[in-house]
1. Taking a ≥ b ≥ c as the square roots of the Cα gyration tensor eigenvalues, with a/c under 1.5 meaning rounded and otherwise prolate when a/b beats b/c, else oblate, which class fits region 466-531?
2. Calculated from DSSP H runs of 4 or more alone, at -39500 (n - 2.57) each and per residue, what is the 222 nm mean residue ellipticity of the chain, nearest 500?
3. At a probe size of 1.4 Å, how large is the accessible area of LEU108, to the nearest 10 Å²?
4. Taking the Cα centre of each part, how many Å lie between region 436-470 and region 318-338?
5. Which value, in debye to the nearest 20, gives the size of the charge dipole of the chain about its Cα centre, when Lys and Arg are +1 and Asp and Glu are -1 at the Cβ?
6. Over the chain, what is the relative contact order in percent, taking alpha-carbon pairs closer than 8 angstrom and at least six residues apart?
7. 7 Å from Cα along Cα→Cβ at both GLN187 and PHE63: what's the point-to-point distance in nm?
8. For labels at GLU293 and LYS100 in the simple 7 Å Cα→Cβ model, what's the distance in nm?
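The values are calculated or read from the model by the stated rules, or taken from the named source; none is laboratory data. This one's a predicted model, so the numbers in the text were calculated from it and none came from an experiment. With ideal geometry, Cβ positions are generated from the backbone for all residues, glycine too; neighbour counts draw on all protein chains shown. Only protein heavy atoms, including side chains, enter the accessible area calculation; ligands, DNA and RNA are left aside. Shrake-Rupley method; radii C 1.70, N 1.55, O 1.52, S 1.80 Å.
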Amino acid sequence: MQKEVLRHKTINAEILDIAAKYTNDPEAVLEVLLELHALRGVLKEDDVGDVARALSIPAERAFGISTFYSMLQAPKTTIRVCDGPACWLKGAGDILSTYKAQSLESDLDSERSSCLGLCDLAPAVLVGEMQRGPSDIKHVAEVGEDRNGRIPKYDHPVQGEKRILLQHAEDIDPYNIDSAIEFGAYQALKKALAEPKEKIIEELETSGLRGRGGAGFPVGKKWRFVAEAKSDEKFIICNADESEPLTFKDRVLMDANPHKILEGILLAGYAVGAQDGFIYIRGEYTSQAKKLETAIQQAEEKGWLGENIQGSEFSFHIHLHRGAGAYICGEESALIESLEGKRGEPRIRPPYPASYGYHGEPTIVNNVESFAYAPEIVNHGGNWFLSIGNQTMSGTKLFTLLGHINRPGLFEAPYGITLRKAIEEFGDGMSPGSNFHFALTGGAAGTIVSSEYLDTPIDGSSIDKGLALGSGAILICDQTVSPLEMLRELMFFFEVESCGKCTPCRIGTRNARIALDRMVAGKKSNGDAKALLNLAELLKNSSFCGLGQSAAMPILSAVSNFEQLFL
Ligand code: SF4
């Protein structure tokens, strides 16, 4: 009887309209839920059921998705207070407590959030679509003010920077394709269209460009795999789900020059014979998504995207897809699952996306920074790029430098810089009264290193010496911060962001955090350090995907470099 009632219940008209906008495509379930959430401010159970019926998918699939992504679970107006490492250092805990206390007297909801990618605005908050910071405990009432203008732009290089990606950042208007074209946009594509396709991949291979997302796989090799794959359909995916704590370099690139990213994706499409590309951007980056949307539209109007680009036989379309708050969707196979309208849970690999990616077809997945280098390499040649950097990694890298230094932010430099150089040259020295205690390098899935590493070159081989390069994130901590407490914060992050698919990660990160809670509270027992190391080994060796595996890295490095704290 109940089933009969449900079957004949009228689907809400607004939901039918939204679903129709996406041609009732079951794969668009996340987009439909996001749009409904934006419209209503909150997702209700009945509405999720209606979405399922409008898209003709099982209700459990729609509910499975609505409960997977953090942004769909809280009301739209919720103030999300970042507790990523940079914000935590700057007192995010007190900011959240103040908001919570205010919530009791008002309608304002607030909650903690994993890193918002606004580390240079620490302590940062996200209010609806607005990215704000630094939040001041004395001025929390000002949260309603629009502080978007305060997002740093990094228009001008600081002394010692070598800029490739951020060249002309001060000249280009990201909302105006003509200004991007004036400073070289689409010249590489024009050149590539006049030459054999093969040349693009040859130059990339010569350049030695390796992926900038953290794994460092050679980009030319990946493109060649897909180019040589026998398939009628191939896809390009740009991973803009930048969620690694302490990392906001892709945000800066999208803000500065979105056309450079589009051009990199187009070059990949042309080189491998694909006709469709996706940009998967994290849900928290609304203003960056709007910039990309504008850039796509303007590129289509000017004939740099779409059918028969610039009169050639090459046709290519770029689709923008927004995530909804899930760190795991930065993992390439989880991202593809999410793009296909499922929960963002990783796939078993191999097969890798280059042979079995989106819809099971050969797919290139590279991150924003990697794609942005491609036009430069096509324009200047692979040998030019190879001559920059060092023997382990060619080219420059966008580094984010945060914590107890005078000038936190972002800089572009060749590989091989050291922590000491980063602090003294780009960070303008330690903050007044601060002495170097330790650094967290490579993001949350990185290493906690002592002053012994101050002169270790940061490059493709630094991990062999115990210092992670990862996404290029560096957090400098002074004598007021305990590596133990930092590690506890990192384990809490992994516990919250574990997708829960496999037991070693789901339970292992939780148990590690609980052990660290005890240690931080000064209640450690004799066996805690050994238990923590055992958990790290379990995470590293038995987790299903890179999230659980890399959660071991900060534990192992912290215990190795600050052993006395764990005994
Ligand atoms: Fe999910 Fe963690 Fe297992 Fe990865 S390792 S599949 S994130 S539970």
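1. Details: a/c = 2.03, a/b = 1.06, b/c = 1.90.
In terms of gyration-tensor shape, oblate.
2. Values: 22 runs with 231 residues, N = 567.
After summing the helix terms and dividing by residue count, I get -12000 deg cm²/dmol.
3. 70 Å²
4. 28 Å
5. Details: 58 positive and 77 negative charges, 282 e Å.
The calculation lands at about 1360 debye.
6. Details: 1137 pairs, mean separation 71.3, N = 567.
Relative contact order of the chain: 13 percent.
7. Taking the simple label geometry, GLN187 and PHE63 are separated by 5.7 nm.
8. 3.4 nm
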